[in-house]
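Single-structure report; data block below.
The values are calculated or read from the model by the stated rules, or taken from the named source; none is laboratory data. Keep in mind the model is a prediction, meaning the values are calculated, not measured. Please note: Cβ atoms are built from the backbone with ideal geometry, for glycine as well, and neighbour counts cover all protein chains shown.
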Amino acid sequence: MSQPEHSPPAGLAGDVRGVLAITAFRRLWSTFALSSFGDWLGILATTSLAGTLATSPAAEYLAVSGIFILRLAPAIVFGPLAGALADRFNRRTVMIVGDGLRFLLICTIPLVGTLWWLYVATLLIECVGLFWAPAKEAAMPNFVPRDKLETANQLSLVADYGTAPVAALLFSGLALVNTPLHAVMPGLDASGDYLALWVDALTFLVSAVVVWTITFPPVAHEVSARAETLWRTIVDG
């Protein structure tokens with residue numbers, strides 16, 4: 001009696017394993033998760049820090065509101081333009097530079113330690129992210145076969161939103177270790193918000209290093225596409 005052949009795993013779990021078996025995509029996806037985790041942790045840390053740096057209860061509400069406005073405004077105002085510009089540069093370079101700049105900008109927040117610089121850094125971080133995100137989305141189809149692209153997109157969504165509760169748990173944990181850490185090292189400014197920002201910065205540094213290790217497939221650009229006006233690119237999306 002012949003033994004039954006083992007069929008490949010079916011269903012979503014099998015599709016996910018199949019996509020993650022692609023080494024280059026698995027590395028790329030890890031950068032998605034790291035950057036998204038850093039974004040969520042950064043939102044929690046900067047809003048909390050804004051309230052801490054405010055000088056009065058009324059100013060605290062305004063400070064927190066200001067952080068959310070500065071995080072949303074760049075995408076509304078510059079989103080289409082940034083996406084069109086990002087598409088004209090090497091995607092790997094855009095992602096590495098974007099992660100590197102966010103690492104540096106986040107590091108400056110605890111070093112400067114003022115509300116006005118928190119606002120400036122937040123605005124700049126969001127502007128850099130407007131270039132990074134389109135490069136990420138455009139790069140992904142080059143790493144997976146067309147029939148696995150839907151699964152890859154689903155994994156990208158998991159990286160985008162599944163890291164939010166993890167970031168929230170870590171932020172809470174860092175707040176808990178703040179007091180004992182400060183007791184052991186009283187000379188260290190071990191604010192839970194600042195600790196979260198240092199971890200946040202580290203995620204972008206690691207992401208930049210991982211992207212640097214990935215060989216991106218060459219992308220053929222038509223001459224006519226390169227000659228296309230920036231305005232037409234923005235209009236066509």
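Counting just the residues of the range 1-30 that are at pLDDT 85 or above and of a type in the set (Ser, Thr, Tyr), which one comes out surrounded by the fewest Cβ atoms within 10 Å (Cβ to Cβ)?
Taking the candidates together, the pick is THR23.
Looking at PHE131, PHE103, PHE171, which is the one that is under 12 Å from the mean Cα position of the chain (by Cα) and closer than 18 Å to TRP198 by Cβ?
It is PHE103.
Given the residues VAL158, VAL166, VAL120, VAL177, which is the only one that is assigned to a helix (DSSP H, G or I), at pLDDT 90 or above and more than 17 Å from GLY42 (Cα to Cα)?
The unique qualifying residue is VAL158.
Report every pair of residues separated by at least 6 positions or lying on different chains whose Cβ atoms are under 8 Å apart, first residue within the range 14-38 and under 20 Å from THR203 (Cβ atoms) and in contact (Cβ under 8 Å) with a residue 40 or more places away in the chain, second of a type in the set (A, V, I, L, M) and not in a helix (DSSP H, G or I).
Within 8 Å, the pairs are PHE25/VAL144; ARG27/ILE214; LEU28/ILE214.
If I ask for residues that are closer than 23 Å to VAL210 by Cβ and under 15 Å from the mean Cα position of the chain (by Cα), which ones from the range 106-123 would you list?
ILE106
Of all residues in the range 124-142 being modelled with pLDDT of 90 or more and out of contact with any Lys or Arg (no Cβ under 6 Å at 6 or more places or on another chain), which is nearest to GLY79 (Cα to Cα)?
Ranking the candidates gives LEU130 first.
When the range 106-119 is examined, which residues are found to be among the β-branched types (Val, Ile, Thr) and under 21 Å from SER35 (Cβ atoms)? Steps first, answer last, please.
Within the range 106-119, the subset among the β-branched types (Val, Ile, Thr) is 106, 108-109, 112, 114.
Result: ILE106, THR108, ILE109.
Which one of these does ALA54 not meet: (1) among the small types (Gly, Ala, Ser); (2) closer than 24 Å to ALA159 by Cβ; (3) touching a residue at least 40 places away in the same chain (Cβ under 8 Å)?
The failed condition is (2).
Please work out which residue is surrounded by the fewest Cβ atoms within 10 Å (Cβ to Cβ), limiting yourself to the range 34-57 and to residues that are more than 8 Å from the chain's Cα centre (by Cα) and of a type in the set (Gly, Ala, Ser).
Top of the filtered list is SER56.
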